[in-house]
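To start, the structure under review is shown below, and the notes come after it.
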Amino acid sequence: MPLYIERGVVLRTHPLGETDRIITLMTAGRGRLRAVAKGIRRTSSKFGSRLEPGSHVTLQCWEGRSLDGINQVEVIEPHRRCREDLARLTVASVMLEAVHHVALDDEANMALYRLLARAMGALETTIAPALLAGFLWKLQSLEGFAPGLYDCIECGSEVDDTAWFDIPGGGVRCYACRTRGGQPVEYDAILLIRAILGGQLGVALNVAAGPAVSTAESLAVGHFEFHTEKRLRSMSVAGEVM
Ligand SMILES: [Zn+2]
């Protein structure tokens, strides 16, 4: 059977039969990959706990007819705190779910893989209040549905203080065009999203928790769900915990 090596972050796992699991990963070279880990639910499994959601691993796989199989696993970074610390787990769950929604099977997306691996690494170290907002907006920008943040989507005039954000419309509205749709949002939230998407993610990640961060995050979720037509179910869990 042909073998291949791949790097990836585990997105989710499902039991299969008595002792196996199907592992879904975001990989560097093959996009979203589903592969079976045989015998992983036996206590003596050679895989141990190396294929938990969030783990960043190198795999050796064999190509199967319908489903590939995992031969060997080496851990690059276990991201253990992202699973064991509840506040981190809720953020990590949303990030993994979002990638699962947008990644395509067998289609390389190095940028998305890198974004996820870096965000998980950052979350393992410290929980920046705007990390989830930053991740979700960056992901949407990568996938080609970034919003318009500077000029009114209706009349094109510059939006520089009072802001309305129109998710279906795809960006900000000026005060004069506000009645045509959208919701009023803190201008600071718009500034934060501009920083995230304008090459100043580092600045955004240093912003303290507050209304601007919450709004940037809820807009990111709403915008994501509108464009992908998929619910981020982990968000409801996050809302209960945080
Ligand atoms: Zn306008």
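How far apart, in nm, are the 7 Å Cα→Cβ label points at R81 and Q200?
Reported label-point gap for R81 and Q200 is 2.7 nm.
Across the range 4-17, in residue order, what do the Karplus-derived ³J(HN,Hα) couplings come to in whole Hz, using 6.51 cos²θ - 1.76 cosθ + 1.60 with θ = phi - 60° and x for Gly and Pro?
The phi angles translate into 8, 10, 8, 9, x, 10, 5, 8, 7, 9, 9, x, 9, x Hz.
Taking each full run of DSSP H in the chain as one helix, which ones are at least 18 Å long along their axis (Cα atoms) and have mean Kyte-Doolittle hydropathy of at least 1.0?
Taking the DSSP H segments of the chain (at least 18 Å long, mean hydropathy at least 1.0), we get 86-102.
Relative contact order for the range 128-241 using alpha-carbon pairs under 8 Å, separation at least 6, rounded to a whole percent?
On the way: 160 pairs, mean separation 34.3, N = 114.
Reported relative contact order: 30 percent.
What are the ³J(HN,Hα) couplings of the range 199-206, residue after residue, when phi is run through the Karplus curve with 6.51, -1.76, 1.60 and θ = phi - 60°? Round to Hz, x for glycine and proline.
x, 10, 4, x, 5, 4, 6, 9
Among S141, S49, which comes first, second and so on when ranked by fewest other beta-carbon atoms within 10 Å? All intermediate terms of the calculation are to be shown ahead of the outcome.
Values: S141 15, S49 12.
By the 10 Å Cβ count, ascending, the order reads S49, S141.
For E63 paired with T179, estimate the spin-label separation in nm (one decimal), with each label point 7 Å from Cα along the Cα-to-Cβ line.
For the pair E63/T179, the computed spacing is 6.2 nm.
Compute the length gained on full extension between A209 and F145: take 0.36 nm times their separation in residues and subtract their Cα-Cα distance, giving the result in nm to one decimal.
Net length gain for the segment: 20.5 nm.
At 7 Å along the Cα-to-beta-carbon direction for both C155 and D106, put a label point, then send me their distance in nm to one decimal.
In this crude spin-label approximation the distance works out to 5.2 nm.
For a quick check: sort L16, L219 by the number of other beta carbons within 10 angstrom, fewest at the front.
On the way: L16 16, L219 22.
In increasing order of surrounding Cβ atoms, one gets L16, L219.
Counting GluC sites (Glu not before Pro) as exposed when in a DSSP loop with at most 12 other beta carbons within 10 Å, what is the longest stretch of the chain free of them? Display every interim value, and only then the final one.
Details: sites that count: E18, E63, E107, E229.
Of all site-free stretches, the longest is 108-228.
Can you compute the helix-only [θ] at 222 nm over the chain? Use -39500 (n - 2.57) per DSSP H run of at least 4 residues, normalise by all residues, nearest 500 deg cm²/dmol. Intermediate results must be reported in sequence, preceding the final value.
Details: 8 runs with 90 residues, N = 242.
Rounded to the nearest 500, it is -11500 deg cm²/dmol.
How high is the relative contact order of the chain, given as a whole-number percent (alpha carbon pairs under 8 Å, six or more residues apart)? Can you show the working numbers first?
Numbers: 466 pairs, mean separation 39.5, N = 242.
Relative contact order, the chain: 16 percent.
Since every read-out is calculated from the coordinates, none of them should be taken as a lab result. It should be emphasised that the depicted structure is a prediction, and the values quoted were computed from it without experimental measurement. Note that each Cβ is placed from the backbone with ideal geometry, even for glycine, and that neighbours are counted across all protein chains shown.
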